[in-house]
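Take a look at the structure below.
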Amino acid sequence: MAPADGAAERTVDRVVMRDIRKRYGMVDALRGVTLRVGPGEVIGLVGDNAAGKSTLMKVLAGAVVPDSGEIVFDGQTVSFATPRDARELGIEMVYQDLALCDDIDVAGNLFLGREPRKAGGLLLDVARMHRDARQHLDALNIRIPLTDIPVGGLSGGQRQAVAIARAVTFGPKLLILDEPTAALAVAEVETVLELIKTVSAQGVSVILITHRLQDLFRVCDRLCVMYEGTLRADLDARATSLERLVSEIVAHDQIDSGKSDAGKADGRKGNDTTEGARR
Amino acid sequence: MTTSEPTTTAGKPPVVSERVVTTRAARANAHIGKHAQTIAIGVVLVLLLIFFAFSADRFATTGNLLNLLRQISPTLIVAIAMTFVISTSGIDLSVGSTVALTGSLLAIVLQHGWDPTLALVAILALGALIGFINGWFSSYQNIPPFIVTLAMLSIMRGTALRATEGYSTPIDGDLWIVQLGQGRVAGIPVPVILAVVVAAVGWITLTRTPFGRYVIGLGSNGESLRRTGVNTRKVGLAVYVLTGLAAALAGVLIATRLSSGSSNAGSGFELEVITAVVLGGTSLFGGRGSMLGTMLGALTLGVIANGLVLLHVSPFYVQIVQGAILLLAIFANSKVWARFGAVRK
Ligand SMILES: Nc1ncnc2c1ncn2[C@@H]1O[C@H](COP(=O)(O)OP(=O)(O)OP(=O)(O)O)[C@@H](O)[C@H]1O
Ligand SMILES: [Mg+2]
């Protein structure tokens, strides 16, 4: 695979998901998805509602255990039984439903699961938690004046900002953002897009799910289109027009999509190579 | 929350500062909401104390107050543990039966000549095991804790009845373990000292440790907590071990105070404990727990029971009053205090 950004270390993919399958009762949420992400690469993951985007990303974040399939992270085959396993490897995700605890304050949510401790790890270091939370929020330009109010009392956008801050703060290697800008005002969306550019320049891989297609073209290297639990297309963001992307999402050639999807599962690697070479 | 918030005029610069003001108000609001019920129950307690002090002559004596505290100690100890369970949005109905079983078994093994220290350790371990079973079914198998602990209530009570054949078993007054229920240190009953220690440890654990955080988080939004990498099942199980352990300690205190283990002990105990917790402002829906509230709640129940007896009211009324208080407390919990903005359910 040819490196796109001229980085020599891109011999190893940051993550490769191979033939991931997941079924919920009668719904085949994922029907064999293969996806690869390079270091510092920004992937836009798009698709219709219920295409399986969130489910695929939850698999990658360890929140959902797939029925079958393989995940290779930094060259190592891994399997995540819990979100902790994924977090320990440096995979952070902003969930579509944010996954905040409404009764816990801003600082508490930011550090949930990795609280600073004192007294030999027995007690929470509450003072440090608030101090560090303020620093992290300021560094991300997030305007939440107080860190000791329960997040249940924040606005939707502020809650989203807290969720983003939590994912970014602990130096992830792979950042998954599931519709992170859905509730944000214009200026805040800009902040998030800038943030994506900044972290990817530092080598952090980013997967961005959004229905705001215009944003994708501003930050993404590749666009992956999902359709009914399969990866339908893997496009170079710079060589793809908005019209093309839209037609892939709504699946214009729907009539034979069942067959061609099955074929694509095998042909995807070849597809990747051509995409890479085209850049 | 919008009451004191002046609507911003279109001008841009003041927005930031105005925001700070509104969020300060929100914070104050949240803090009042958090403590409103604790404050309210504190006020109720003071009013009750004044009322009984004037209406029942023997109420305000040191002897009676120490006796009152000793009476509520077992309730308070289990209520502290129950605060953790209810904060996770769980419930443990089996504590009363556990009190009966552990008290009975303690008396029986002592009668068989067990060393009191060994007996105490074994009884506490049994309590923890009962809690473990409760926790395993409800947290690891996702069976509603209401059903799990209701079943355990029946199993434990039945076991206690079977073990004692319905008779109460006397405990030899010369054994040191009797001091747990009857002894005094510097004039203060040992159960009261134990209850204060348990309450202090419980308070620190809930408010100042990661475990306490996770308990609140589990009740607030368990799936969110799980996604941050916390082992939520372990947390969900641990709280039942706490109530099991606390119930066993309560069983020991009650049996040693009466110098006998009875399979009828602790009937209605679970109701008393849950009432104390809910009265203190801990939310039955989880995510909100107050240790101070629980302490005040247990004290209030004790004062009512003790005061009514001193006023020569029939003890049967005490149960009626307690049930009515539970209903009122839950009503206040979900309807009145929710207005203070801290809860968003
Ligand atoms: N926990 C679950 N239980 C049952 N079915 C589920 C579950 N999670 C997802 N599904 C199903 O899997 C399919 C894919 O859902 P998913 O949330 O991944 O879609 P999505 O692409 O993220 O959609 P959206 O754009 O609306 O967020 C849907 O049909 C959904 O009903
Ligand atoms: Mg989704």
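Remark: mean inter-chain Cβ contacts per residue of B:56-64 equal 0, using a 10 Å Cβ-Cβ cutoff to other protein chain atoms.
Modelled label positions at residue B:330 and residue B:175, each set 7 Å beyond Cα in the direction of Cβ, lie 3.8 nm from each other. For chain A, rounded, prolate or oblate, judged on the Cα gyration tensor with a ≥ b ≥ c (square roots of eigenvalues), a/c < 1.5 rounded, else prolate if a/b > b/c? Here chain A falls in the prolate category. Classify the protein assembly as shown as rounded, prolate or oblate from the Cα gyration tensor: take a ≥ b ≥ c as the square roots of its eigenvalues, call it rounded if a/c is under 1.5, otherwise prolate when a/b beats b/c and oblate if not. Prolate is the answer for the protein assembly as shown, as a/c is 1.5 or above and a/b outweighs b/c.
Chains A and B together bury some 2900 Å² of accessible area, summed over both sides, with a 1.4 Å probe. When each of the peptides B:271-282, B:186-197 is scored by the mean number of other C-beta atoms lying within 10 Å of its residues, the order from highest to lowest reads B:271-282, B:186-197.
Per residue, the accessible area of the range B:59-344 comes to 40 Å² when a 1.4 Å probe rolls over the protein heavy atoms. Note on surface exposure: A:136, B:312 rank B:312, A:136 by accessible area, highest first, 1.4 Å probe. In whole percent, and with a 1.4 Å probe on the protein chains, what portion of the accessible area of the protein assembly as shown is carbon and sulfur? Heavy-atom surface of the protein assembly as shown belonging to carbon and sulfur, 1.4 Å probe: 61 percent. Segment residue A:119..residue A:185, full-extension length gain: 19.6 nm, with 0.36 nm per residue of separation and the alpha-carbon distance subtracted. Residue A:72 contributes about 20 Å² of solvent-accessible surface, heavy atoms of the protein only, 1.4 Å probe. Pairs with C-alpha atoms separated by more than 26 Å, drawn from the list A:58/A:118; A:53/A:197; B:234/B:335; A:58/A:173; A:53/A:173, are A:58/A:118; B:234/B:335. Each residue of the range B:123-133 was assigned a 3J(HN,Hα) from its phi angle through the Karplus expression (A = 6.51, B = -1.76, C = 1.60, θ = phi - 60°), giving 5, 5, 5, 4, x, 4, 5, 4, x, 4, 5 Hz with x at Gly and Pro. As a calculated quantity, the FRET efficiency between residue B:129 and residue B:231 at R0 = 22 Å, using C-beta atoms, amounts to about 0.60.
For residue A:85 and residue A:217, what does the FRET efficiency come to when R0 = 30 Å and r is the distance between their Cβ atoms, rounded to the nearest 0.05? It comes to 0.35. Quick check on the range B:59-344: take the gyration tensor over C-alpha atoms, sort the square-rooted eigenvalues as a ≥ b ≥ c, and tell me if it's rounded (a/c under 1.5), prolate or oblate. Here the range B:59-344 falls in the oblate category.
Take the Cα of residue B:223, step 7 Å toward its Cβ, do the same at residue A:65, and the gap between the two points is 1.8 nm.
Peptide A:114-123 shows a mean partner chain C-beta count of 3 within 10 Å per residue C-beta. Highest average first, the peptides A:224-237, B:202-215 ordered by how many other beta carbon atoms sit within 10 Å of their residues are A:224-237, B:202-215.
For the peptide A:101-110, the mean number of other protein chain Cβ atoms found within 10 angstrom of a residue's Cβ is 6. Modelled this way, with points 7 Å down the Cα-to-C-beta line, the labels at residue B:311 and residue B:61 are 2.0 nm from one another. Structural descriptor for chain B: relative contact order 33 percent, calculated from alpha carbon pairs under 8 angstrom and at least 6 residues apart. Think of it as helices only: each DSSP H run of n ≥ 4 in chain B is worth -39500 (n - 2.57), and spread over all residues that comes to -24000 deg cm²/dmol at 222 nm. Looking at the protein assembly as shown, the DSSP beta bridges with both ends there are about 60 percent antiparallel. When +1 charges are put on Lys and Arg Cβ atoms and -1 charges on Asp and Glu Cβ atoms, the dipole computed for chain B relative to its Cα centre reaches about 1380 debye.
The values are calculated or read from the model by the stated rules, or taken from the named source; none is laboratory data. This one's a predicted model, so the numbers in the text were calculated from it and none came from an experiment. In this analysis, Cβ positions are derived from the backbone assuming ideal geometry, glycine residues included, and neighbour counts consider all displayed protein chains. What goes into the accessible areas is simple: the full protein's heavy atoms, side chains included, and nothing from ligands, DNA or RNA. Shrake-Rupley method; radii C 1.70, N 1.55, O 1.52, S 1.80 Å.
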